[in-house]
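The values are calculated or read from the model by the stated rules, or taken from the named source; none is laboratory data. A quick note: this is a predicted structure, and the numbers were derived from the prediction, not measured. Positions of Cβ are generated from backbone atoms using ideal geometry, with glycine treated the same way; all protein chains shown enter the neighbour counts. We work out accessible area using only protein heavy atoms, side chains counted, and drop any ligands, DNA or RNA first. Shrake-Rupley method; radii C 1.70, N 1.55, O 1.52, S 1.80 Å.
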Amino acid sequence: MNKIILLAVFALFASAASAQKYMTKTGKISFFSKTKIEDISAINTSISSIIDASTGDMKFVGLMKSFKFPKPLMEEHFNENYVESDKFPKTTFAGKITNVSDVNFSKDGKYPVQVAGILEIHGVKKNVESKGTLTVKGNTLLADTKFSILLSDYNIIIPTAVKKTINNSIEITVDVDYSKAP
Amino acid sequence: MKKIIILLLLILIGVFGVVYWQWNKPRETASNRKSEVIISIDSLYSAFQSNDSLAFATYQNKVIQISGLLDRVERQGDGANQSNFAVLLSKTDGIEAKFSFPDTSSNSILSNLVKKNVVLKGFFAGFNYDAMMPEMGGTFEFNQSAIIQNKTHE
């Protein structure tokens with residue numbers, strides 16, 4: 001009988017813990033870079049992500065080949081010459097909302113958050129920090145932030161011929177709608 | 001001298017034409033390509049479970065054909081950035097195959113096929129899965145996909 005009670009208590013805690021998680025498989029990450037020839041932009045709308053509201057843990061994973069560019073040639077160059085998607089097919093982020101205690105997940109509202117963690121692109125892991133907003137609306141969350149990275153930090157080499165026209169800094173926009181995990 | 005100038009002009013026009021065509025060339029779609037691999041989502045998942053880097057090396061960029069139950073059609077983004085996806089579910093919980101389509105022309109056909117068995121093909125982009133978040137399951141992603149109405153056409 002004791003075992004049954006213990007199991008029931010454990011199941012209750014396990015379900016409460018899972019209720020603290022928010023997930024999506026359709027997160028949006030885009031990037032933009034202004035160049036002298038033509039602006040470079042791309043969007044990936046198939047980002048998987050999870051936020052644990054109790055700890056502030058935040059994770060993202062997406063495929064490099066799912067970034068869509070306006071021009072097919074840009075997409076080809078991005079995958080083959082810059083990020084080498086065949087060798088490094090994924091980008092990941094694992095970090096934390098450092099001020100998660102400031103967010104009331106049971107009260108609708110817009111909460112400024114700070115996120116810090118490790119971003120992996122092109123097989124290189126780097127610490128990144130960013131300020132963003134977490135919008136709580138019922139059982140959903142909207143996370144958005146903008147930050148810049150340097151391509152050289154991730155060993156992404158710009159060919160000499162276009163070095164003067166392509167910016168080493170790119171702006172990344174994160175815009176992710178989460179639903180509470182069932 | 002006149003001939004040289006005309007020749008140079010012709011070369012210049014030719015080079016400009018090639019560059020312009022390269023810059024604006026349309027994306028290659030799976031509809032013009034024969035399926036290189038015909039496999040189920042579960043078999044693909046088994047291959048990634050046993051050795052993910054070997055499986056990725058085997059299937060990357062190949063036109064893969066998969067049949068299964070069309071669970072849902074997703075539309076994301078808007079305007080020029082709109083993407084259309086068809087999602088097939090595997091027998092394994094949380095594992096799915098997501099096909100992105102080159103334009104919106106397939107929307108109405110796909111919408112009529114929801115909850116029916118379909119055969120789709122697309123360029124394999126990879127397995128979107130992270131061991132750090134197993135509760136998310138995993139998604140096999142395919143680009144520039146096409147609907148195969150009838151298996152015997154392949």
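Is it the case, given these coordinates, that A:ASP39 is farther than 22 Å from A:SER148 by Cβ and surrounded by fewer than 19 Cβ atoms within 10 Å (Cβ to Cβ)?
Values: farther than 22 Å from A:SER148 by Cβ: no; surrounded by fewer than 19 Cβ atoms within 10 Å (Cβ to Cβ): yes.
So A:ASP39 does not fit the description; no.
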Can you tell me how many residues within region A:50-85 are over 16 Å from the mean Cα position of the chain (by Cα), part of a helix (DSSP H, G or I) and at the interface with another protein chain (Cβ under 10 Å from one of its Cβ atoms)? 6
Note down all Cβ pairs under 7 Å where the first residue falls in region B:1-30 and is within 11 Å of chain A (Cβ to nearest Cβ), the second is outside any helix (DSSP H, G or I) and open to solvent by less than 100 Å² (accessible area, probe 1.4 Å), and they're at least six residues apart or on different chains. B:TRP23/A:LYS71; B:ARG27/B:PRO102; B:ARG27/B:GLN144; B:GLU28/B:GLN144; B:THR29/B:PRO102; B:THR29/B:GLN144; B:THR29/B:ALA146
Report the residue count in region A:156-182 for those that are under 16 Å from A:GLY62 (Cβ atoms) and either exposed (fewer than 13 other Cβ atoms within 10 Å of the Cβ) or away from chain B (no Cβ under 14 Å) (or both). 3
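Conditions (1) in a loop (DSSP other than H, G, I, E, B); (2) within 26 Å of B:THR139 (Cα to Cα); (3) open to solvent by 30 Å² or more (accessible area, probe 1.4 Å), marked per residue:
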| site | (1), (2), (3) |
| --- | --- |
| B:PRO26 | yes, no, yes |
| B:GLN49 | no, yes, yes |
| B:ALA57 | no, yes, yes |
| B:ASN61 | yes, yes, yes |
Please identify the pairs in which a residue from region A:138-155 that is open to solvent by 60 Å² or more (accessible area, probe 1.4 Å) has its Cβ atom under 6 Å from the Cβ atom of a residue that is acidic (Asp, Glu), counting only partners at least 6 apart or on another chain. A:SER148/A:GLU171
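Output the number of residues of region A:131-170 satisfying the condition of being part of a loop (DSSP other than H, G, I, E, B) and within 22 Å of A:ILE50 (Cβ to Cβ). Don't jump to the end; show me each part of the working.
Here is the first cut: in region A:131-170, the residues part of a loop (DSSP other than H, G, I, E, B) are A:138-139, A:155-159, A:163-168.
After this cut, where a residue has to be within 22 Å of A:ILE50 (Cβ to Cβ) as well, the list is A:138-139.
So the answer is 2.
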Six or more apart or on different chains, Cβ atoms under 8 Å: show the pairs whose first residue is in region A:163-182 and free of Cβ contacts under 8 Å to residues at least 40 places away in the same chain and on the phi < 0 side of the Ramachandran plot and whose second is open to solvent by 70 Å² or more (accessible area, probe 1.4 Å) and not in a loop (DSSP other than H, G, I, E, B). A:ASN168/A:LEU150
